[in-house]
Structure formats: structure tokens, C-alpha cells
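Input: a single structure, listed below in C-alpha cells.
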Amino acid sequence: MSTRIAKVTSITARRAAERKRSEQSVANARAATTLFAVVAALLVIGVTATISASSAVAIDQQSDSFYFFKRQLVGIGLGLIAMAIASRVPYTAYKKLAVPIFTFTVGLLLATLIIGTGAGGAQRWLAVGPITVQASEIAKFAVIVVLAAVLDKKRKLLGDFGHYAAPVVAVMGVTGLLIMLQPDLGTTIVIAAAALAVILTSATPVRFVVYTGMTGAFLATVLAFSADYRLDRIIGFRDPWADVEGTGWQLIQSYYALGSGGMTGVGLGASRARWFYLPNAHTDFIYAIIGEETGFLGGIVVMLLFVLLAAAGWAIATRAADPFGRMVATGITVWLTFQAIVNIGGVLGVLPITGITLPFVSYGSTAVAVSMGAVGVLANIAYSGGSRTRRRS
Amino acid sequence: MDPQRVRMILLGLGFLLAWAGLGYRLFHVQVVQAADFADQSLDQRLTSVQTPPDRGTIFDRNGDPLAITIEAQSIIADPRLVENGVFTAQQVAAVSGGNWERMLGEIEKGGSFRYLIRQLEPAQAQAVLDLGLPGVSALAEPKRVFPHGPIAAHVVGMVNIDGIGIEGLEAYYDDALSGTGGEVIFEKPLKSAGPDAPIAIPQAEIMTIPAIPGDDLVSTIDLSLQNAAYEACGDTVERTAAEACWIVALGVETGEVLAMVGFPGFDPHKRVGLDGQPFDNFAIRGMYEPGSTQKLITFAAGLDTGVFGTATVVGGVADRIEITPGACESDTDDINGCYGDFSPHETRDMTVQEIFTISSNVGTIRAQQMLGEGVLVDYMERFGQAGKTGVDFTGETPGVIRTDPGCSSCLASLSIGYGVGASPLQMAAAFAAIGNDGVWTEPSLVRSILDVDGHETELVASTRRAVSEDTAWAIRQMLLNVVVEGTGQAAAVPGYTVGGKTGTSDKLDENGQYIDQTMASFVGMAPIGDPKVVVAVVVDNPAWEYRTGGTAAAPAFSVVMEAALHSLGVAPDVDSR
């Protein structure tokens, strides 16, 4: 009787579980679709804004008002390929490939420091003929994957601080050092935030997570005050009006652009700020151009798209089939979302300007290709969440 | 609950909170503070470019242009971009015809904007640009051109290099001629995106306040008469070896200056006189002692007050009269107190008419003595002396009447045209009052002002009665006599009755002493029955044999008067056959 009941219970439970898994599978597919739709929308907005925001600078520097637009289209093309492949490659493959990927990335970062090119004192790009690669963008993905793989493998040992700290310090130390040598504090902070998210969603005890977070925050503060130009950014952020022509210039011009846009914007292609008033209009400050041209309404739409992207990523992460998938999904989601928040926060003057771009929207072909590839990985985690249960049943 | 799930939820909530904060901040910047930011933003972009108005044209009374503005190009240099100053200056000078050393001086002053040569013809400027010299470019700059050069220059005046009127009608009517500048207000990029990039942000609105062109002036000058007068003055200066000659032709009924010339002329393009002197217009600004032409006023006073008539006999007119006792004993000064006639004659009785005809100083002084106290000066003022005529020209002289208290000889001097300073225009206006049946009319140089819409404003001259119609008629008969049988016979014009008066006065030296140089003049009108034109000719320091008005000035008067009568279409009133 009890066996029978147990059997019935087990059948009921299994059916319920199956139904639940099937529902989850549908939900995951929906999340992936949402993700693609959000990314597509952001790409369209980004490309439209890039044409406008970059045209004046493009004429000035390249004698071709569509120079940046064309390069961005190349990046998006590469991104589409990366996204298509990544959504089909089982994410579990990165568990085995994590160390080679990370090693390769470290190699690229080293090469960037030795033979890289850049502007304004920073050395950020590797040029191979007409192609330029920003290794630090690839590093974002590499760090997430390698940390998730290591923490997954060591999940039984994470209660021991040494076992936890050694790989984290090694990965973050090497990556952080190489990127800070470029130097690029903004990217380092984004990578640290993504890494912290991976750690948070691993089996690591909460107190270790808190130590790590506090250490990261401390290091970021020290680094922020360690270079004059970074200090200027903080001063400019705290009181832009104290030096309108200097440290406050970029933020004030951002305010001017947004204020000119008002509720509904000045119209597509009608930005005034891009006429050399707003520095980095097509990269770090593209959100201000969007706000100027499409107003508060356009700005809110972009924010909602990022919220939607975060929600889809969060849903995929929580329903991931295994801890590695959860960690990678969370890492990617936090990377993209955190970067968006820091970028928009800088444009709106609530966070210091860090020089990082708005994912999918800002000009930057490596960034857009790598981000789209990462979205492909997220999609594969979503699809795997459903397919694995189906294979089991 | 699964601890990892709790962490995920907390993470998600944290991010949601961050997004909510950013959304609020976006609202604050783009909605709450938006207007302030938008205003400040617009302020930093707004800029304006002034657009100069076209300067009005000055026409003669028949529509011939006397001063027009044409397109021209100035060659400018940006010394920062000039590679070789000497080479650049020499090349520009070779093509434009300027002075290369002066251009080099400009380049060496530095800065970012220097004129090398201004207001070239467009083709010439293009030739300079075709040299392709670094730092050299052209700037559109209109140029004022005077098609008739020196002929009307003393009236029309001139503008400075920047096109602002500095002399003559150009100066007097500068406000009307200048118009109102326009402005183009637009949003500018922070910096230029290159030489071919737009100077305004393309999508931004542009506000254009159009320039309002200056008004056109229709002057009173009759160009053909002006030409004739200029030629007559030139001939006179040549014939009499005079220093200068001035002619004013005045419309009797209107006070309009039909011609006003000075010789040597003035080059309004080079802004210097043909004799190297700076701009002056003696006809309006100059003052001379009118001599016998002044007798017109003396006799008009007598006739108008009824003290004497033209036939009144003045008994025992000698050829010398001593007003200040002992004055005639001194040979040094025969005008201040001791007066003589030009030619010696027997002491005899003379009618007023005869005194005027032979221009007897003694007779005139005797006649003047009959006038009541203050009458002569009163009439001088009625005829516009010792006061500006009000002609539309800058720097007009008011003239002067010398009436020192206790001066025993002053009235005698005044009656024959000494001790009084008048401009040629004042004398012409005084004669015109006689021609105009006793009504003095304010002379004018501009008939009407035409604005850009074609609206015409006619200028009205003020008038006042100087003497009665009868007096004017009687004086005209006396003037006629002067030309028919007196000192002004050379002033006759075939086919017309001409009346006028000669004048010869000794010039003063720098110390106020009279010297053996004269101002020889003739002022007259025709036809005498109903005069249409007054012409005044003043010849400055003719050779000794031509020192009188009758010999130096009357012939030029005849030529100009004939031209004026023909130009105005006045029918002959004498059968000259």
C-alpha cells in the first residue's frame, strides 16, 4: 500500500515536475526571445544614434560622415555570427574551455600593452590591418567563464578561504593588472562587478562574498584617486559648475543635451550637442544624444529595454540547469546591466564618469560583437534549461 | 529557500532599485530642469553675423548716378598662415597693383586678419586668389564709386574706406544712405569641422533679420550744368591764372542748387584734391568779402524803405570820400575810412541807378548815409547774411558782419561789401531773393529721398520775404543796366535779358591786412523779367589784368547762365538777330 502510494506519489510528483519543467522550458524560450528582441531594439537605437552622434566627428577626423556607422555595422555583423554560434554551442563546453579562453585573453591583453594602439594616453586596441580588437571587451566574458568554471569545480571546497581566494585573486589580479596598465579603470570595475556576481551566485559563503566586495570597493576607490585625470572626473562629477570650461565641461554638455531634448526630443538627426560640444558623443555619451533627440520618452524606453534585458537574464539564470549555467548567466547579465547603469549614471551625473560605453548602443565594434556573443551564450543556457530535462524524461 | 535563490532575488532587487533611481534622475534632468539647461545650451550656441546694408545711390536731378556702390573684393591675409611674407606681399602687389612693402608691413603686424589691399574689382581679386598663396583670401566688400569723379565731388563728397560718409552729401545724409544693418542669428558648432563644413548647425533654425538698404538721394544738381560749370571754372582759372574758381547756380523759385563746382577739383576716390589739398567746399564753407555785389542789398534797403528811388539824384558824387577824418592822408589804408571809386571821375550828380551801374563806391556810401540807423544790417540779415542759409551740407559758414561799436566807417564799408564775410552760396541766395520777387528761399542740395519701397519724400525749403515785390523788380532793372551798359557787359547771354552785379574785393593776408590780390566775382540772374536761375562766379586771385569781377568772373557767368537757361528750357526773351 505504502509502496503503491509511494509509487502513485512518485508518478504524480514526476508528472508535476515534468509539467513544471515543460513550463520552465516554455518560459526559458520566451526569455531567450525577449533577450533577442531587446538586443535587436537596442542595436537599432544604437546604430541610429551613432549615425547622428558621430557624423560631425566623422567628417572632421575621417572626411566620411558614415565612417563610424559603417564600422559599427561590421561589428554588428560579426556579433550576429557570434550570437548564432554561441546560442548553438552547449554552454557546458566553456567549463572545459575556460582556462584556454582565459589564457588566450591574457595573451591578447599582453599584446595590447606591447603593440597596441590608442588615444589620449591609453593603449586599448590591437590593430591587425583594418581590424582593431579591444581585448578588454573579450576579457569580460573570459573572466566570467573562468571564475564560474573554477568555482563550480571547487564548490565543495569553497568553505575554505584559501581554496576560494586563490583562484579569485589570481584571475582578478592578472586581469585587473593588465587592464589597469592600459589604463582603463572603468572596464576593470565592470569586470570586478561581473566577477562578484559570479561569486555571489556560487556556493561561496556570504562572508567571503562580503570581504571580496569590500576589497574590490576599496581598491576601486584607491585607484580612482591615484591618477589626476580620474580625480578630475570625480571633481567634475561632484560639482561640474565649479569648472564649466574644464572638469565640468562634459557633464554640463550632457545636461544641456538632455535638457534641450526635454520630454519628446529635438528629433532624430537634429542633435546640437554632437557638433563638438559633447565630447565622446558617439561612445560614452551616446545616451545623452538619444535623450536630446528623442527626449525623456526615448531615454526611458532605453532604460526599460535594459530592465527587460536584466529581467530576462535573471530569469534564465534562476532557471539554469546547473550552477555553472547560473553563474555564467548571472555574470553576463550583471556585466551588461551594471555597465549600462554606470554609463547612464555617468551621463546623468549621479555616478562619476568612468569612460565605459553603453552596451549594444555606443559605438565600438569589438564591444558590440562580444556583447552579442555573450547574449548567444545566455540564450543557449536558456534553451539548455529546457532540453536537458526533456532528455532525462 | 535555496540560499542561492535568495541571493539572486536580492541581486535583482538591487538592480531594480538602481534603475528606478536612474529613471527618477532622468526625469529630473529632462523634465524638471530641462528648460534651464535648454536655455543655457542655446545661449552657448547662438551667434550672429552682421550683414551690411547696401548704401543708397545719389542721383542728379535727372536720374544720372553721382555716387553708387558696386561689388568689390578686398584681399586679406591671415599672417599665421602666410609662409613667406616677402614673397606673398610681392606676388599680391604684382597682380593687384598695390605697394608690396606696405603689404609686408601689414603681414608682419601679425594677428589673424590683415587687409593687404581693399576693394579690388572682382576679376582682379580672382587673379590674386589664383596665385594660391597660403593665408591669402578675399572678402566681399562693397566699394563706393563716383562716376563723374571730381566734377560733382564738392557736392557729393566722399566716404571713407569703410563706406561711411565723411564729406558732402555722403556725410550729411549718411544715416539715410547707410540703411540699417541686418543680422543672421544661428546656432554654431563648437568648432569648424573643416573648410567646407557649414558654419551653422544644419538642422538648427536660422533667424534672418534682413538688412534694409539705404535710401537713394535725388540731388538738385543738374549734371549737364554741373559739367558746364566745371568746364567754365577750369577755363577761367586757365585764362586768368587764378588760384581757384567757384560757381553756384541756384534755381530762383526753388532754392535748388543746380550746379556747384570748385576748381581745382577733388578726387573722391583718392580722397585728395587735384591740387593736393584736403576736401573743402568754399561755395558753402568759405567766406569772402563780396565787394560790390553787396551793393544789391544796400540799394534794396533804400528802395524797400522808400528812402530813395532808382531815379533819386545824389548830388556831388566825388571819386573819393573820407569817412574817418584823416584816413585819406594815409596811403597805407584806403578802405578803412577813406573810400575811392575804381576809376577816377569828375565830381558830379548821379542817380541811384547810375551809381549802381558804374558801381561807384562813393555814391553807394552816400546813399547808405541816407538809411536810418540799423536799416542796413537789418536788410543784410533779411538777405541771409550773418546766418547759415540752412543748406543741407556740413560745416556751412554763417558768414560775419563787422559792426564794432563806435566804428565810424563800418556802415560805409558794409554798404560796398567790406567788413562783411559771406559764402558764394549766401550771395547767390541773396540775389535769388531779388529774382524771386523778394522772397528769400533756403538753398538745398537734395530734392527728395527715395526709400527701398519706392516711397518718395520730397524736401520742402523754407522761405521768407526779404523785400517787397516792387523793390525786387526795381533792383532787377538796375541789375539789367549793369550788364547792358555797366561793369558787367561780359556777362551778357545772347537771346536773354541778363542782370547782375560785379564784385571786386581786395583779399586779406594772414594778418588781416589788405593785399594786392582780389576776389573777383559776378552774381546775376536771367531772364530779368521772370528770373529762373541765379549764377554766382567767384574767382580767387586772378592775374592783375583780370582782377575785376567784370573781367575775371563775368565771362564764365555768361557761359554757365546760357547752359542753365538751355538746360531748363527757358525761352529766349530777346530777339538776338
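Conditions tested, residue by residue: (1) out of contact with any Ser or Thr (no Cβ under 7 Å at 6 or more places or on another chain); (2) over 28 Å from A:Leu358 (Cβ atoms); (3) open to solvent by less than 20 Å² (accessible area, probe 1.4 Å).
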site: A:Leu147; (1), (2), (3): yes, no, yes
site: A:Phe161; (1), (2), (3): yes, yes, no
site: A:Ala170; (1), (2), (3): yes, yes, no
site: A:Gly176; (1), (2), (3): no, no, yes
site: A:Leu181; (1), (2), (3): yes, no, no
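Can we say A:Ser136 is of a type in the set (Ser, Thr, Tyr), modelled with pLDDT of 90 or more and either under 30 Å from A:Ser254 (Cβ atoms) or open to solvent by less than 40 Å² (accessible area, probe 1.4 Å) (or both)?
Yes: the conditions hold for A:Ser136.
Just the residues that are within 14 Å of another protein chain (Cβ to nearest Cβ) and open to solvent by 20 Å² or more (accessible area, probe 1.4 Å), please, taken from the range A:25-63.
A:Ile51, A:Val57, A:Ile59, A:Asp60, A:Gln61, A:Gln62, A:Ser63, listed by residue number.
Please state which of the following conditions A:Ile316 fails to meet, knowing it meets all the rest: (1) under 21 Å from B:Leu16 (Cβ atoms); (2) facing chain B (nearest Cβ under 9 Å); (3) surrounded by 24 or more Cβ atoms within 10 Å (Cβ to Cβ).
(2)
When the range A:9-66 is examined, which residues are found to be closer than 30 Å to A:Val307 by Cα and of a type in the set (S, T, N, Q)?
Once the filter is applied, which keeps residues that are closer than 30 Å to A:Val307 by Cα and of a type in the set (S, T, N, Q), the range A:9-66 yields A:Ser22, A:Gln24, A:Ser25, A:Asn28, A:Thr33, A:Thr34, A:Thr48, A:Thr50, A:Ser52, A:Ser54, A:Ser55.
B:Gly157 versus (1) of a type outside the set (Lys, Arg); (2) open to solvent by less than 20 Å² (accessible area, probe 1.4 Å); (3) at negative phi: which is the lone unmet condition?
(3)
Could you tell me whether B:Ala283 is surrounded by 24 or more Cβ atoms within 10 Å (Cβ to Cβ), part of a strand (DSSP E or B) and at pLDDT 95 or above?
no
Suppose we filter the range A:231-249 for residues that are within 14 Å of chain B (Cβ to nearest Cβ), open to solvent by less than 30 Å² (accessible area, probe 1.4 Å) and part of a helix (DSSP H, G or I); how many remain?
Total satisfying the criteria: 1.
Mind checking whether some residue in the range B:85-103 is open to solvent by 50 Å² or more (accessible area, probe 1.4 Å), at pLDDT below 90 and of a type in the set (Asp, Glu)?
Scanning the range B:85-103 turns up no residue that is open to solvent by 50 Å² or more (accessible area, probe 1.4 Å), at pLDDT below 90 and of a type in the set (Asp, Glu).
Can you spot a residue in the range A:210-230 that is of a type in the set (Lys, Arg) and open to solvent by 30 Å² or more (accessible area, probe 1.4 Å)?
No, the range A:210-230 has no match at all.
Are any residues in the range A:275-307 more than 7 Å from every other protein chain (Cβ to nearest Cβ), assigned to a loop (DSSP other than H, G, I, E, B) and open to solvent by less than 10 Å² (accessible area, probe 1.4 Å), and if so, which ones?
Hits for the range A:275-307 are A:Leu278, A:Ala281, A:Phe285.
Taking the condition more than 36 Å from the chain's Cα centre (by Cα) and either open to solvent by 70 Å² or more (accessible area, probe 1.4 Å) or free of Cβ contacts under 8 Å to residues at least 60 places away in the same chain (or both), does B:Glu381 pass?
For B:Glu381, the condition - more than 36 Å from the chain's Cα centre (by Cα) and either open to solvent by 70 Å² or more (accessible area, probe 1.4 Å) or free of Cβ contacts under 8 Å to residues at least 60 places away in the same chain (or both) - is not met.
How many of the residues making up the range B:34-79 are open to solvent by 60 Å² or more (accessible area, probe 1.4 Å) and within 14 Å of chain A (Cβ to nearest Cβ)?
Residues in the range B:34-79 being open to solvent by 60 Å² or more (accessible area, probe 1.4 Å) and within 14 Å of chain A (Cβ to nearest Cβ): 7 in total.
If a residue must be touching an Asp or Glu at 6+ places or on another chain (Cβ under 6 Å) and more than 10 Å from chain B (Cβ to nearest Cβ), how many such residues does the range A:319-346 contain?
So the count comes out to 1.
Among the residues of the range A:319-346, write down those that are open to solvent by 30 Å² or more (accessible area, probe 1.4 Å) and at pLDDT 95 or above.
Within the range A:319-346, just A:Phe338 meets the criteria.
Assess whether B:Asp304 counts as being within 20 Å of B:Lys501 (Cα to Cα) and either open to solvent by 10 Å² or more (accessible area, probe 1.4 Å) or at pLDDT 95 or above (or both).
Yes; evaluated as a whole, the condition is true for this residue.
Checking A:Ala367 against (1) more than 20 Å from A:Lys140 (Cα to Cα); (2) in contact (Cβ under 8 Å) with a residue 60 or more places away in the chain; (3) not basic (Lys, Arg), which single condition isn't satisfied?
Tallying (1) more than 20 Å from A:Lys140 (Cα to Cα); (2) in contact (Cβ under 8 Å) with a residue 60 or more places away in the chain; (3) not basic (Lys, Arg), A:Ala367 fails exactly one: (1).
Does the range B:249-262 contain at least one residue that is over 23 Å from B:Arg61 (Cβ atoms), of a type in the set (A, V, I, L, M, F, W, C), in contact (Cβ under 8 Å) with a residue 60 or more places away in the chain and in contact with a strand residue (DSSP E or B) (Cβ under 7 Å, 6 or more places away or on another chain)?
no
Could you please tell me which pairs satisfy a Cβ distance under 7 Å, a separation of 6+ or placement on different chains, a first residue in the range A:194-212 that is in contact (Cβ under 8 Å) with a residue 24 or more places away in the chain, and a second residue that is open to solvent by less than 10 Å² (accessible area, probe 1.4 Å) and of a type in the set (D, E, K, R)?
A:Ala194/A:Lys140
Considering A:Thr188, A:Thr112, A:Thr175, which residue is touching a Gly at 6+ places or on another chain (Cβ under 6 Å) and either under 28 Å from A:Phe225 (Cα atoms) or not β-branched (Val, Ile, Thr) (or both)?
Selected residue: A:Thr188, the only one of A:Thr188, A:Thr112, A:Thr175 that is touching a Gly at 6+ places or on another chain (Cβ under 6 Å) and either under 28 Å from A:Phe225 (Cα atoms) or not β-branched (Val, Ile, Thr) (or both).
Would it be correct to say that A:Gly349 is open to solvent by 10 Å² or more (accessible area, probe 1.4 Å), within 12 Å of chain B (Cβ to nearest Cβ) and more than 30 Å from B:Gln4 (Cβ to Cβ)?
When the stated conditions are applied, A:Gly349 passes them.
The values are calculated or read from the model by the stated rules, or taken from the named source; none is laboratory data. Values in this document were obtained by computation on a predicted structure and should not be read as measured data. Neighbour counts run over all protein chains shown; Cβ positions are idealised from the backbone, glycine included. What goes into the accessible areas is simple: the full protein's heavy atoms, side chains included, and nothing from ligands, DNA or RNA. Shrake-Rupley method; radii C 1.70, N 1.55, O 1.52, S 1.80 Å.
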